[in-house]
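J.: Just dropping this structure here.
The values are calculated or read from the model by the stated rules, or taken from the named source; none is laboratory data. For clarity, every value in this text was computed on a predicted model and none was experimentally measured. Note that we place each Cβ from the backbone using ideal geometry, even for glycine, and neighbour counts take in every protein chain shown. Ligands, DNA and RNA are excluded from the accessible area calculation, which covers all protein heavy atoms including side chains. Shrake-Rupley method; radii C 1.70, N 1.55, O 1.52, S 1.80 Å.
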Amino acid sequence: MTVESTAAHKPRRSAGTKSTAGKTTAKKSPSTDPELVQLLTPEGKRVKNAEYDKYVAGITPEELRGLYRDMVLTRRFDAEATSLQRQGELGLWASLLGQEAAQIGSGRATREDDYVFPTYREHGVAWCRGVDPTNLLGMFRGVNNGGWDPNSNNFQLYTIVIGSQTLHATGYAMGIAKDGADSAVIAYFGDGASSQGDVAESFTFSAVYNAPVVFFCQNNQWAISEPTEKQTRVPLYQRAQGYGFPGVRVDGNDVLACLAVTKWALERARNGEGPTLVEAYTYRMGAHTTSDDPTKYRADEEREAWEAKDPILRVRRYLEASNHADEGFFAELETESEALGKGVREAVRAMPDPDHFAIFENVYADGHALVDEERAQFAAYQASFATESDSGSAAVSGV
């Protein structure tokens, strides 16, 4: 598989997205947005920005290749995880396909002493923070509850409850501000989570207490099957105005712009200037999770338009046009990518099966009759498979 390919994940043809009037339409995205911070065009051309250029002015060709490598390997890991779920090795997987630039750019903008609060799709940010990818897969397999110590990498465990991590991040940021720490906090969430009350409360508290927190919203335009325009009448970044702190919209498929804007926002936080809302305008190329079928609500034309804005392809174009990388670099990375995929696959298949009865533990401190009854029923259900298998074997052998 080509490391930067998205075509392998392309869904079957669909008629489009149904509007409330029952007609089939393709959801549109703005072709030009003067408020969208962009440093690298989809064609791989560098564009100037008076406000944010200084945050990437000193970036070296080696660092550019590093950002490209991060995105390629993150996409390879994500593709392998999707395949493993399809093969029954994982219970579920939430793909980041198409959001690599937003995650790698913002993740590489953080310092070691910053603290990160993710949702459940921030595999690229986890990569930047040094979290072992197999720990992520163990969680989705059900054999651990995260698998890493959050304080070892300053990267909290994945949060499944939509939006709740923004409150945790705000509280933590208020705490380090009182301690006088020279660090910042970044909280990740999606466009769907922006409609949650927890996020609104986080905005309120962070503004009032001038908390050093960056709210990084990956607007991938679909909260499962709900498009963004069904959740807000204004661009998401403008919501910050009502709470009294800045909001900025960045091209979420532009790794340089995401790096620069996040550095700016984190610098504000460390300088005591309070919170910032960053809206990374990107696109979810795949399904919400592997249990979802996006062809039921999303038009192929929309996806195809965003494939032309592929975050990895634009960096490769820039590297090639600038003579910052040769074919040897890309070939070597391809080999590394395949090795990563193989290693991840072998690691997951070596993991134990989940403990099916762990769900019944720690429900009540002193036990409960109903839980005991449910455990017994589930045990009988599990035992029935072995009985059916034994019966089938006996029938085959003619017993």
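J.: For the range 167-194, enumerate the residues that are farther than 14 Å from Asn154 by Cβ and hydrophobic (A, V, I, L, M, F, W, C).
T.: Matches in the range 167-194: Leu167, Met174, Ala177, Phe189, Ala193.
J.: Which numbered condition in (1) over 18 Å from the mean Cα position of the chain (by Cα); (2) within 20 Å of Thr282 (Cβ to Cβ) is the only one that Asp70 fails?
T.: Unmet condition: (1).
J.: If you don't mind, there's one more thing I want to ask. Report, ordered by the first and then the second residue, all pairs with beta carbons closer than 7 Å, sequence separation of six or more or different chains, a first member in the range 171-184 that is on the phi < 0 side of the Ramachandran plot, and a second member that is part of a helix (DSSP H, G or I) and open to solvent by 50 Å² or more (accessible area, probe 1.4 Å).
T.: Asp182/Arg270; Ser183/Arg270; Ala184/Arg270
J.: Next up: Could you check, for the range 25-41, whether at least one of its residues is open to solvent by less than 50 Å² (accessible area, probe 1.4 Å), of a type in the set (Asp, Glu) and modelled with pLDDT under 95?
T.: Looking for residues that are open to solvent by less than 50 Å² (accessible area, probe 1.4 Å), of a type in the set (Asp, Glu) and modelled with pLDDT under 95, one finds at least one in the range 25-41, hence yes.
J.: Okay, next question. Do any residues in the range 307-320 that are at pLDDT below 95 and assigned to a helix (DSSP H, G or I) have Cβ atoms under 7 Å from those of residues that are open to solvent by less than 40 Å² (accessible area, probe 1.4 Å) and of a type in the set (Ser, Thr, Tyr), where the two are at least six apart or on different chains, and which pairs are they?
T.: Glu307/Thr6
J.: Select, from Ala383, Ala350, the only residue that is modelled with pLDDT of 90 or more, of a type in the set (A, V, I, L, M, F, W, C) and exposed (fewer than 10 other Cβ atoms within 10 Å of the Cβ).
T.: Ala350
J.: Another one. What number goes with the only condition from (1) modelled with pLDDT under 65; (2) assigned to a loop (DSSP other than H, G, I, E, B); (3) open to solvent by 50 Å² or more (accessible area, probe 1.4 Å) that Ala57 does not pass?
T.: Unmet for Ala57, out of (1) modelled with pLDDT under 65; (2) assigned to a loop (DSSP other than H, G, I, E, B); (3) open to solvent by 50 Å² or more (accessible area, probe 1.4 Å): (1).
J.: Please name all residue pairs, on different chains or six or more residues apart, with Cβ atoms under 6 Å, provided the first residue is in the range 360-380 and is over 21 Å from Gly142 (Cα atoms) and the second residue is of a type in the set (Gly, Ala, Ser) and open to solvent by 60 Å² or more (accessible area, probe 1.4 Å).
T.: Matching pairs, first to second residue: none at all.
J.: Does Gln85 count as closer than 24 Å to Ile160 by Cα, in a helix (DSSP H, G or I) and touching a Gly at 6+ places or on another chain (Cβ under 7 Å)?
T.: So Gln85 does not fit the description; no.
J.: Something else now. I'm trying to understand the selection: among the residues of the range 325-346, which are in contact (Cβ under 8 Å) with a residue 60 or more places away in the chain and crowded, with 17+ Cβ neighbours inside 10 Å?
T.: Ala325, Leu333, Ser337, Leu340, Gly341, Val344, Arg345
Quick grid of which residues meet (1) open to solvent by 10 Å² or more (accessible area, probe 1.4 Å); (2) over 26 Å from Leu96 (Cβ atoms); (3) not in a helix (DSSP H, G or I):
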| site | (1), (2), (3) |
| --- | --- |
| Ser206 | no, no, no |
| Ala211 | no, yes, yes |
| Gln218 | no, no, yes |
| Glu229 | yes, no, no |
| Thr232 | yes, no, yes |
| Tyr237 | yes, no, no |
| Ala240 | no, no, no |
| Phe245 | yes, yes, yes |
| Arg249 | yes, no, yes |
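J.: Those residues that are over 24 Å from Glu307 (Cα atoms) and either out of contact with any helix residue (DSSP H, G or I) (no Cβ under 7 Å at 6 or more places or on another chain) or small (Gly, Ala, Ser) (or both), I need them from the range 99-136; list them, please.
T.: Hits for the range 99-136 are Ala109, Arg111, Glu112, Asp113, Ala126, Gly130, Asp132, Asn135.
J.: Then there is this: Can you name the condition, by its number, that Arg316 falls short on among (1) under 18 Å from Leu96 (Cα atoms); (2) out of contact with any Ser or Thr (no Cβ under 9 Å at 6 or more places or on another chain)?
T.: Of (1) under 18 Å from Leu96 (Cα atoms); (2) out of contact with any Ser or Thr (no Cβ under 9 Å at 6 or more places or on another chain), only one is false for Arg316: (1).
J.: Another question about this same structure. Any chance you could count how many residues in the range 96-118 are open to solvent by less than 20 Å² (accessible area, probe 1.4 Å) and not in a helix (DSSP H, G or I)?
T.: Final tally of qualifying residues: 9.
J.: Let me ask another. Name the residues in the range 119-128 that are in contact with a Phe, Trp or Tyr (Cβ under 6 Å, 6 or more places away or on another chain) and open to solvent by less than 30 Å² (accessible area, probe 1.4 Å), would you?
T.: Selection gives Thr119, Glu122.
J.: Of the conditions (1) over 20 Å from the mean Cα position of the chain (by Cα); (2) over 30 Å from Thr60 (Cα atoms), Trp264 clears all except one; give me its number.
T.: (2)
J.: In addition: Take Gly147 and decide whether it is small (Gly, Ala, Ser), open to solvent by 10 Å² or more (accessible area, probe 1.4 Å) and assigned to a loop (DSSP other than H, G, I, E, B).
T.: Judged against the criteria, Gly147 is a match.
J.: Is it true that Ala287 is under 21 Å from the mean Cα position of the chain (by Cα), within 24 Å of Pro42 (Cβ to Cβ) and crowded, with 20+ Cβ neighbours inside 10 Å?
T.: Against the criterion (under 21 Å from the mean Cα position of the chain (by Cα), within 24 Å of Pro42 (Cβ to Cβ) and crowded, with 20+ Cβ neighbours inside 10 Å), Ala287 qualifies.
J.: Return the residue satisfying two criteria in turn: it lies in the range 292-324 and is over 18 Å from Tyr281 (Cβ atoms) and basic (Lys, Arg), and of such residues it is most open to solvent (accessible area, probe 1.4 Å).
T.: Lys296
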